[in-house]
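The values are calculated or read from the model by the stated rules, or taken from the named source; none is laboratory data. These figures come from a predicted structure and were not determined experimentally. Positions of Cβ are generated from backbone atoms using ideal geometry, with glycine treated the same way; all protein chains shown enter the neighbour counts. Side chains included, ligands, DNA and RNA excluded: accessible areas come from the protein's heavy atoms. Shrake-Rupley method; radii C 1.70, N 1.55, O 1.52, S 1.80 Å.
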Amino acid sequence: MKTAKYLFEKDYMADPAVHVFNDRLYIYPSHDRESGIPENDNGDHFDMNDYHVFSTSDIENEPLTDHGVVLKVSDIPWAGRQLWDNDVAFKDGRYYMYFPLKDKNDIFRIGVAVSDKPEGPFVPQPDPMKGSYSIDPAVFKDADGHFYMYFGGLWGGQLQRYKDNKALECACLPEGDQDALPARVARLSETMLDFAEEPRAVYIVDEAGKPLKAGRNDIRFFEASWMHVYNGTYYFTYSTGDTHQICYATGDNPYGPFTYKGVILTEVVGWTTHHSIVQFKGKWYLFHHDCVPSNGKTWLRSLKVVELEYEADGRIKTIQGSAKK
Ligand code: FUB
């Protein structure tokens with residue numbers, strides 16, 4: 001599948017987190033909707049209020065099965081608004097869905113909902129994860145069985161409101177030669193319901209080992225973390241947000257530092273870009289979204305997939321997004 005294809009044209013879905021469970025591919029997207037909220041830098045127009053789950057045993061030829069609504073804002077006791085990008089992990093017979101949601105004070109926290117099936121429905125815990133903040137949780141299982149959550153996002157994602165895992169009096173967005181704001185990573189506890197440690201910074205460094213600067217917004221981290229391992233190397237992948245690229249950096253362990261390597265996906269139609277990378281039936285795929293079907297409405301995004309290819313030295317071949325310049 002060398003050309004990107006749309007996956008589900010009946011409705012708007014975005015931010016696909018994708019995993020293989022029981023030899024089947026499961027897609028956990030955000031569910032975009034037309035809420036009528038005006039577009040702003042805070043992302044208020046992304047006012048999603050439920051999740052669906054999709055699955056398939058043949059991503060190239062079979063239509064997706066829609067498992068319907070699996071979790072709603074109205075089911076979540078601590079809910080305020082805005083269910084953004086979620087992810088799901090499997091451990092000891094249970095599936096854990098991690099989701100960012102604003103609480104009743106309009107602060108993004110990360111919640112957990114549990115199911116005994118990959119397609120849900122998922123039952124939320126009564127409170128958000130202790131010590132959680134910001135958005136875009138992505139959960140990675142390392143070869144030794146430990147699970148790590150990567151998270152964080154700038155601007156509407158509120159990451160600039162925190163330093164050393166404490167809320168700041170005033171948000172602080174670095175600029176120019178200051179170090180870029182890093183994503184965060186924390187190992188999960190045995191129960192999968194908490195962090196096992198204080199979240200740490202995910203440093204992305206240049207070839208000289210220096211952290212990327214905020215002024216390099218063409219390549220610095222903004223949101224949408226993902227982690228995969230290819231030939232023993234850890235690939236931390238992310239969106240550059242206001243410059244609309246999916247980039248990657250590599251390291252030799254789940255915490256990093258990760259050395260910046262290049263662009264995976266150039267700009268797509270729409271403001272946001274988001275992705276996941278998964279191996280299925282011997283091929284690697286890049287799941288993502290764009291706004292072509294909604295004629296560029298940034299808050300109405302559609303799921304896409306395309307094959308991802310590596311060079312012999314482990315570099316990822318750049319894929320052209322739909323916003324060709
Ligand atoms: O879907 C809302 C937000 O848009 C996500 O959390 C970000 O990653 C961006 O795709």
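Quick notes on this structure:
- Some residue of region 33-42 being more than 16 Å from the ligand (Cβ to nearest atom), over 21 Å from Trp155 (Cβ atoms), modelled with pLDDT of 95 or more and touching a Lys or Arg at 6+ places or on another chain (Cβ under 8 Å): no
- Criterion (under 25 Å from Lys324 (Cβ atoms) and β-branched (Val, Ile, Thr)) met by exactly one of Thr250, Thr233, Thr272, Thr259: Thr272
- Residue in region 273-297 that is nearest to Trp226 (Cα to Cα), counting only those that are buried (at least 20 other Cβ atoms within 10 Å of the Cβ) and hydroxyl-bearing (Ser, Thr, Tyr): Ser276
- Criterion violated by Lys102 - all others in (1) farther than 19 Å from Tyr162 by Cβ; (2) open to solvent by less than 10 Å² (accessible area, probe 1.4 Å) satisfied: (1)
- Under the condition of being more than 16 Å from the ligand (Cβ to nearest atom) and closer than 16 Å to Tyr98 by Cα, the residues counted in region 54-78 number 7.
- Residue within region 258-267 that is more than 23 Å from Tyr203 (Cα to Cα) and either within 14 Å of the ligand (Cβ to nearest atom) or crowded, with 19+ Cβ neighbours inside 10 Å (or both) present: yes
- Flag for Gly111 being within 13 Å of the ligand (Cβ to nearest atom), open to solvent by less than 20 Å² (accessible area, probe 1.4 Å) and either part of a strand (DSSP E or B) or within 22 Å of Trp226 (Cβ to Cβ) (or both): no
- Checking the stated criteria, Leu83 turns out not to satisfy the condition of being assigned to a strand (DSSP E or B), in contact with a strand residue (DSSP E or B) (Cβ under 9 Å, 6 or more places away or on another chain) and open to solvent by less than 60 Å² (accessible area, probe 1.4 Å).
- Test set (1) aliphatic (A, V, I, L, M); (2) touching a Leu at 6+ places or on another chain (Cβ under 8 Å); (3) over 28 Å from Asp44 (Cβ atoms) - Val229 fails condition number: (2)
- Which listed residue is more than 19 Å from the chain's Cα centre (by Cα), part of a loop (DSSP other than H, G, I, E, B) and under 20 Å from Lys283 (Cα atoms), from Glu60, Glu34, Glu39: Glu60
- The number of residues in region 63-80 being of a type outside the set (Val, Ile, Thr), over 23 Å from Asp44 (Cβ atoms) and in a strand (DSSP E or B) comes to 3.
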